[in-house]
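Below: one structure, written as structure tokens.
The values are calculated or read from the model by the stated rules, or taken from the named source; none is laboratory data. This structure is a prediction, so every number in the text was calculated from the model and none was measured. Cβ placement follows ideal geometry from the backbone for every residue including glycine, while neighbour counts extend to all protein chains displayed. The area values use the complete protein model at the heavy-atom level, side chains included, leaving out ligands, DNA and RNA. Shrake-Rupley method; radii C 1.70, N 1.55, O 1.52, S 1.80 Å.
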Amino acid sequence: MAHTARSRRTAAALAVLSLGVLTLTACNGDGDKDAAAPSTATSPSPSGTSQGADTPSTAGPSEGDSGASAGSTAPSEPGAEDDQDGGVGMCETKDFGYKVTVASSPVNHALLTATNTSGDPCLLAANELVITIPGLDGSAEHAGPEVKDRMLKAGESAYAGILFARADTAGGKSADKVEVALSAAESPSPVAIDGGPVTVNDGQVTSLFSTAEDALTY
């Protein structure tokens, strides 16, 4: 009987020992699995962003952006390159063609047509016209109102009326040409009188108007 009791105790102890071994083995197996599984947690980087997260690119602007930046210019301010008259020079006597034609009305008048033949626009000093009539001392006096200086494009014309004689004045000299200058500082151009010669006992000239009708009003 004593032998039987020891055998039972021994068997029970072996059973407990075996159960402990099995439990330990199972625990170790789970630990191995845990160790082998990749960690999905991310540790914070020194900059405060998670490891593996995208960081801002330090590359410069793209080729398209750099091209646009290089080609762009600041808008120019009005008048930055041009002066008050838009960069256009004053009209000069030598850059014009002239025609003087005796007018049917009013009497003793002729029409001066001055045309910009330079190929470029210019600023016309409308009130500085100088007309010299051979046979008279000095230049013709100004007649009529003054007008504003204006831009004259290539091929455009301006007009002035010239008075040669007063009907109430007797006598006079014959003339078949006049001399024209757009300002007193320039050398005049001789122009034949179409429909001449004319009798000259006086000399007056208007400003340079935009139309022939205005020029022959005074």
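Numbers for the structure displayed
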item	result
Qualifying residue in the range 95-109 (condition: touching a strand residue (DSSP E or B) at 6+ places or on another chain (Cβ under 6 Å) and loosely packed, with under 14 Cβ neighbours inside 10 Å)	yes
Every residue from the range 143-191 that is in a loop (DSSP other than H, G, I, E, B), surrounded by 12 or more Cβ atoms within 10 Å (Cβ to Cβ) and either of a type in the set (Gly, Ala, Ser) or in contact with a Lys or Arg (Cβ under 8 Å, 6 or more places away or on another chain) (or both)	ALA143, GLY144, ALA154, ALA165, GLY172, SER183, GLU186
Residue count, the range 110-140 (criterion: among the charged types (D, E, K, R), more than 29 Å from the chain's Cα centre (by Cα) and farther than 16 Å from THR206 by Cα)	1
Some residue of the range 192-212 being open to solvent by 40 Å² or more (accessible area, probe 1.4 Å), on the phi > 0 side of the Ramachandran plot and not aromatic (Phe, Trp, Tyr)	yes
